[in-house]
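Read-outs throughout are calculated quantities, based only on the coordinates presented, and are distinct from any laboratory measurement. Just so we're clear, the structure is a prediction, and the values are computed from it rather than from any experiment. All Cβ positions, glycine included, derive from the backbone under ideal geometry; neighbour counts span all protein chains shown.
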Amino acid sequence: MLEDGSAFSSAGKPVALFSELPELAGIHDEVWREALAVSQVISCPAGTRLIECGESADRFVIVLQGSVRVYDSAENGREICLYRVSGGQVCVLTLTRLLLRSNRCAQAVAEQDVRLLAMPPEYFNRLLTESEDFRRYLMTSMAHCISDVIQLISQVSFDHLEQRLATLICKLSTQAAPDKLRCTHQAIANELGTTREVISRLLKDFERSGHIKLNRGSIEVHDIDGLEKLRYQTVN
């Protein structure tokens with residue numbers, strides 16, 4: 001799905017590109033510079049499908065800017081977000097496909113406008129064997145991803161959907177305009193791995209309790225403290 005972009009062509013380019021990514025700016029090996037010289041910077045608008053089911057990965061990918069949503073879907077159309085990859089992090093989905101030569105059925109979409117660094121696999125393999133800085137960076141990035149997936153498994157296994165929804169609204173409210181979230185019921189359902197009808201019913205319950213007010217295409221948060229308490233309460 002990725003289209004070729006421009007390759008690094010000067011020594012100054014990586015410095016400028018990584019100025020806000022200290023985890024990448026801290027890699028100084030010669031093999032890293034050689035890898036950058038043959039890598040490409042690819043820009044994709046929000047909504048671009050980066051990886052589809054059944055596709056193989058032919059390049060190692062690092063997200064430089066923006067956010068990529070990695071998700072799985074069922075035959076009935078339901079989705080669940082597995083994790084996100086933000087600026088400075090490795091796309092673990094492409095990594096596992098390269099290392100395991102597997103086309104596991106997960107998908108990735110650009111959630112925001114993104115810039116990606118696409119590296120030929122032979123240079124990725126050289127970095128694994130020759131660059132201690134790169135290995136340290138790679139392990140740290142993978143640890144963040146594993147932590148996100150463990151948290152997801154814990155929530156799905158032990159938390160009721162009502163609690164997971166309250167957690168999501170609290171999280172989104174810290175990233176949006178004051179007390180107002182721009183999102184659809186379907187988008188929330190896709191995030192939590194359920195149906196729009198179930199989410200609509202729970203949101204109506206939250207509204208009746210005074211925690212939120214529902215508008216067309218948006219949610220107003222009226223009682224963030226009440227939602228925070230709901231996150232941790234025992235639900236029978």
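Odds and ends about this structure:
- Only the Cβ atoms of Lys and Arg (+1) and of Asp and Glu (-1) were treated as charged; on that basis the dipole of the chain about its Cα centre amounts to roughly 520 debye.
- Helical segments meeting 24 Å axial Cα length and Kyte-Doolittle -0.5 threshold in the chain (DSSP H): 132-158
- Under-16-angstrom lysine pairs by C-alpha in the chain, whenever the two are 8 or more apart or on separate chains: 4
- Given charges at beta-carbon only (K, R positive; D, E negative), |dipole| of the range 91-168 in Debye: 280 debye
- Neighbour-count order for S157, S131, fewest beta carbons within 10 angstrom listed first: S157, S131
- Debye, to nearest 20: dipole size of the range 159-232, +1 on Lys, Arg Cβ, -1 on Asp, Glu Cβ: 220 debye
- Centre-to-centre, using Cα atoms only, the range 125-199 and the range 205-229 are separated by 21 Å.
- Whole-number percent relative contact order across the range 6-156, with pairs defined as alpha carbons under 8 Å at least 6 apart: 31 percent
- With contributions of -39500 (n - 2.57) from each DSSP H run of at least four residues, the per-residue ellipticity at 222 nm computed over the chain stands at -14000 deg cm²/dmol.
- Shape of the chain, Cα gyration tensor, a/c cut at 1.5: prolate
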